[in-house]
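In what follows, a structure is listed as structure tokens, so that the remarks can point back to it.
The values are calculated or read from the model by the stated rules, or taken from the named source; none is laboratory data. The model shown is predicted, which means the values in this text are computed figures rather than measured ones. Here the Cβ is made from the backbone with ideal geometry for all residues, glycine too, and neighbour counts use every protein chain on show.
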Amino acid sequence: MYKNYTKKLGMPDRLYHKIMLIMRLTAVILIASLMQVTASTYAQRISIDQKNMPLKSVLKEIRKQSGFDFFYDGKIIKDDQRIDISIHEVTIDEALRSTFKGLNFIYEIQGKKIAVKRKPISLIEKIKDYLVDINVSGLITDEDGRPLSGATVKVKNGRGLTKTNRDGSFTLNGVNEQAYLIISFIGYADKELKAAENLGIIKLKLSDNPLDEIRVIAYGTDSKRFSVGSVSTVTAKDIEKQPVSNLLLALQGQAPGLAITSTSGIPGSQVLVQVRGQNTLNATNPNLFLKKPYDQPLFIVDGVPFATQNNNVNQFASLLNAQGGSANLSPNAVGISPFNNLDPADIESISILKDADATSIYGSQGANGVILITTKKGKPGATTFDVNVNTSFNSVGRPVQLLNTAQYIQLRKDAFAADGFTPSNNPSNFSAYAPDLTIFDQEKYTNWQKVIYGQNTMNTDVHASLSGGSAHNTFLISTGFNKSTYNYPGDFDNQRYTLHSSLHHNSNNSRLTIDLTTDFGYGKNKSAGFGGAQSVIFSPNLPDLLSPSGSLNWSYQGVDLTSYQFYASLLKPSYVQNYNFNTVFHISYKLLEGLTIGANAGYNRNTTNENSQEPGASQNPGNINRIANFSTNNAQAINIEPQINYNRTIGKGVFTALVGSTYKTNPSYSTYMTGTGYSNDNFLGSINGVSVTASDNNSSYKYVAAFARFNYIYDNKFIINLSGRRDGSSNFGPNNRFGNFGSVGAGWIFSEEKVIKTSLPVLSYGKISGSYGNSGSDGIAAYQYQSLYKAIPYVPTYQGIGPSYPSNLYNPDYSWASKKSLNIALDLGFFNNRLFLNATYYRNRESNQLVYYPLPIQSGISSVLGNLDATVQNKGFEFSASSTNVKAKDFSWRTSFNLSFNRNKLLSYPNLASSSFANQYEIGRPTSMIYGYRYKGVNPTTGLFEFYKKDGTVSSNPASGLAANGGDQVAIANREIKYMGGFGNTFTYKQFSLYVFCQFASQNAPNYLSQIYGSNQLGFRFNQPLAVLGNYWKAPGEVAELQRLASSYSTPTIAGTGTNAVNTALKFAQSTGAYSDDTYLRIKTVSLAYQLPAALLNKVHIKGANVFMNAQNLLTFTNYKVGDPEQPGLFTAVPVQRVVAFGLNLKF
């Protein structure tokens, strides 16, 4: 029930009607007023006349003039969306219609509010738009705006794919407007965006993912993510932390399966490199077939094979290569390194290719692995001037403690007592002559080790570069200087001057690309014809070899000092000048989308000029014969490689193809001259007016090949690689010049499977891959299939022509060696790849070996080249790991680790027992196995070393030869490296960085006793390591570590043994006693750097400044008793140097 309160008692009716009338009138007046306000508002006039005005600014102006507020999603109107508008005194509705004319917007007015929305698309329009294709273009750069060449642009879940040009630009035709694109580049994080006709500049961010690191491979680049080959990479960041002048030393311990050996601590000396073990049996040089071979990989610099490869560039003996014979290696394995003239500061990366998938496209050239050296290139952007200066201080890392004079004299007296001789001062009394005990000062002490190579040295290194350019043209020019002095007394040094340039051009339409890279290096080495590493064990009381005036002392109180006069050898200068020139020209043209043709042309020339002298100042005044030797060696490599590259999307995968050919020639020549009869030392640099003997040598090696590589990646999960090559080599006869080689590789990224992603969320990446292939080898001297003759020197000639003799037999039937390789790898990434692991198993078998067969002396020829159906196997495991332990705003900590094992074995060798190598190899054992005697100990009664015979009995006089051939020698030591590796930690805190890297290795190696008993017997007139003191036998019944002493080679035969201490010492040097475990851990590199604050540098207009301290070979932990474990033995070479460098890097 409703109540009407107007009907109250006492209210008159007329009053009630008046109230109701007033209410009706009020409502009418209110409505009319509102209508008048609305009409006034809509009638507000708007005027705008602007060209290219931002749409958002137009709406603001309408709001200002009308008072209406606009409401819309900020994303639907872009900041750069502009319109032309010209309206005059129009209504709000007319203004809005003019504003949104032709645009995909609708509007709705609600009071003083205007809502703007996108126009709904009809079904027909949706279908029409979906079917519209557009041509997409853009420019891909890094975060600093530098173009990324070779980035991949593909349609997500579609068929379109292209790669960016050298300037980072791309065009992808026929793309659906509704499609999405995925842009990827090795080393950068992928980016996904919607297709549009002009995407503008697209910046990619660097990826922290180790899977996306760029790696240079044969004829291209790849990443760990999609690689099925075994490739290790050392980058510029790894190299620049190490104070090394030879870039090969920067690889030591950095990559699994890579053995780096320094032959000497002298600056400029050779560095040996080997990948996954020794594959060949005998040296493939007719003059060196009895030397141990050492397989080294193929070296390629910017696409051009290095002319000299890793063979030494000098020919004459000097401080750097005089100790080569002790290593039983061929002479080209020691001396001056050809890589001295490449500045490590110019190197961008070094890739080590190890398995068939990675190397087979190089065919026979890559049989022992491939080292790809890539130099730095220019980058677009503002011109930058970079300067790096550092000075290092070097010293011998592990000097040997030697006996002092009193200890030495006591040892010598004990030796005479053991032999029953009395020391004599009479030189004719050969067995008892001992001037060190009878004539020399008994208290004089000289530490000859410190005198000869105990001096601290300095190294100065300066490098400057200028780089910059635009999107279409970039450049880099750099120059460097390095000077290293020797530990030896005298003015000896090794200098390097380098010039590097890189020019790049890309046409405006990005189809034509041209690159030119050039390197020039000049090396100047001043050394001496002296290999006196063993001179450090001269008698400590030896008289002064220099007079107070500095002249040489040739005698002392009737004692001839000629054999001791190493200062005379230091006065025999050796001058070596080496020039290295390398240039590479690349041109390519993009014919069609995905199809590019191009060519690489390269030239490398290495020239060495030598002059070694024997001046009168270095000779005994009573017998002067001045001699000068001259040589010129020139090695060249000409390489031309046309190529076709093709890529396209097929189904869910990406297909790429490379087809090309190679033409290579290596002409070389050398001349040798010896001049005698000089009247003055000042003329030794010339051959004018003296008697000259000359010879020369010329050769030319030619090589042709056709190659192809096909790669298909399906659904980012399955990978297959096919590579093939047909090689032709002039080193073989006409019937065997061509060989076919190839490989197949496959991989499965199982972490992309849904079941793995669901069940193992911590596993961010998982891949299993494998490869199998074959390659050959033509690594032999030229013309060996032909009959060759050599001239007979120093004999009369007939009409200017001298006699000659046959030096090589005709044999056109030998052919390529064959190597078959298997590689299986597992890659795992955890926790978004913050922890990454790799495990690899490999097995290589080389057969149909190219060897030199020794011939009977009656043939007049030492050996003949042929194939041997022997098989050498190398198999092993490699492990590597990297982790990001901490990654915070101001602090980070990263760790890397690698470890490798290799096991070598001779699988087969037909008729080995009757061959010339019956005592060198044994089937089923490593080819690096040393054969000798099993050492038992020292006989307490006789004081002589004793050894086990093959029947188990003991003797001091065992029979030589292998037990299988009637002797008592057995396998005693495997010189192969058991395992090797390295681990490093990198710490950064704000502007500080610290890098510590440790290298380790283990092998059986000759110990210091092998040198003592192999040449200078314990007790002879030479100083000895302190370690022998108190350990040698003196009297019957004593139990001693070392046998009785011998004062000279005339030491008497010991009764009942049929031998003496000298003979047993020589057998000891061939026994298990002369070899020890050579396991060591070395703090290889320490680098501490500080980046100066940018705020401070900006005030002085410097872009960057970095001060640093780099150290090398700081500390070694080992049980190896005496000497350096990296160069086992005693005084066979100058030990590895400890280096501490301080430097500054400035960027303007």
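Overview of results
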item	result
Condition broken by S33, with the remaining ones in (1) at pLDDT 85 or above; (2) out of contact with any His (no Cβ under 7 Å at 6 or more places or on another chain) satisfied	(1)
Single match in F836, F877 (criterion: hydrophobic (A, V, I, L, M, F, W, C), buried (at least 18 other Cβ atoms within 10 Å of the Cβ) and over 30 Å from R737 (Cα atoms))	F836
Out of N609, N620, sole residue that is surrounded by 14 or more Cβ atoms within 10 Å (Cβ to Cβ), at pLDDT below 90 and not small (G, A, S)	N620
Where N735 falls short, out of the listed (1) closer than 20 Å to Q643 by Cβ; (2) in a helix (DSSP H, G or I)	(1)
Residues located in segment 1063-1102, provided they are of a type in the set (A, V, I, L, M, F, W, C), out of contact with any strand residue (DSSP E or B) (no Cβ under 8 Å at 6 or more places or on another chain), farther than 29 Å from F1000 by Cα and buried (at least 17 other Cβ atoms within 10 Å of the Cβ)	none
Failed condition for M458, given (1) crowded, with 18+ Cβ neighbours inside 10 Å; (2) assigned to a strand (DSSP E or B)	(1)
In segment 381-440, the residues that are small (G, A, S), more than 53 Å from the chain's Cα centre (by Cα) and buried (at least 18 other Cβ atoms within 10 Å of the Cβ)	A418, A432
Strands (runs of 3 or more DSSP E) wholly inside segment 825-924 that include at least 1 residues being closer than 26 Å to Q252 by Cα and of a type in the set (A, V, I, L, M, F, W, C)	835-847, 871-887, 891-908
Some residue of segment 494-503 being in a strand (DSSP E or B), of a type in the set (V, I, T) and over 17 Å from D346 (Cα atoms)	no
Odd one out for A236, checked against (1) surrounded by 22 or more Cβ atoms within 10 Å (Cβ to Cβ); (2) closer than 30 Å to T391 by Cβ; (3) modelled with pLDDT of 85 or more; (4) not basic (K, R)	(1)
Unmet criterion (only one of (1) farther than 30 Å from G138 by Cα; (2) touching a Ser or Thr at 6+ places or on another chain (Cβ under 8 Å); (3) not basic (K, R)) for G468	(1)
Those residues of segment 461-486 which are surrounded by 16 or more Cβ atoms within 10 Å (Cβ to Cβ) and farther than 18 Å from D515 by Cα, in sequence order	D461, V462, H463, A464, S465, T479, G480, N482, K483, S484, T485, Y486
Condition check for D890: in contact (Cβ under 8 Å) with a residue 24 or more places away in the chain, acidic (D, E), within 30 Å of Y989 (Cα to Cα) and in contact with a strand residue (DSSP E or B) (Cβ under 8 Å, 6 or more places away or on another chain)	yes
Positions within segment 512-551 being of a type in the set (A, V, I, L, M) and surrounded by fewer than 19 Cβ atoms within 10 Å (Cβ to Cβ), in sequence order	L512, I514, L516, L546
Matching residues, segment 623-662, being in a loop (DSSP other than H, G, I, E, B) and either surrounded by 17 or more Cβ atoms within 10 Å (Cβ to Cβ) or without any contact (Cβ under 8 Å) to a residue 60 or more places away in the chain (or both)	N623, I624, N625, R626
Residue in segment 129-165 that is modelled with the lowest pLDDT, counting only those that are outside any strand (DSSP E or B), charged (D, E, K, R) and farther than 21 Å from F655 by Cα	D129
Candidates S569, S549, filtered to the one that is closer than 30 Å to A434 by Cβ, more than 30 Å from the chain's Cα centre (by Cα) and free of Cβ contacts under 8 Å to residues at least 40 places away in the same chain	S549
Which numbered condition F836 fails, given (1) closer than 30 Å to A189 by Cα; (2) modelled with pLDDT under 90	(2)
Selected residue (only one of G724, G776 is within 30 Å of L809 (Cβ to Cβ) and in contact with a helix residue (DSSP H, G or I) (Cβ under 8 Å, 6 or more places away or on another chain))	G776
Only listed residue being in contact with a Pro (Cβ under 6 Å, 6 or more places away or on another chain), modelled with pLDDT under 90 and either part of a helix (DSSP H, G or I) or buried (at least 20 other Cβ atoms within 10 Å of the Cβ) (or both), chosen from T308, T284	T308
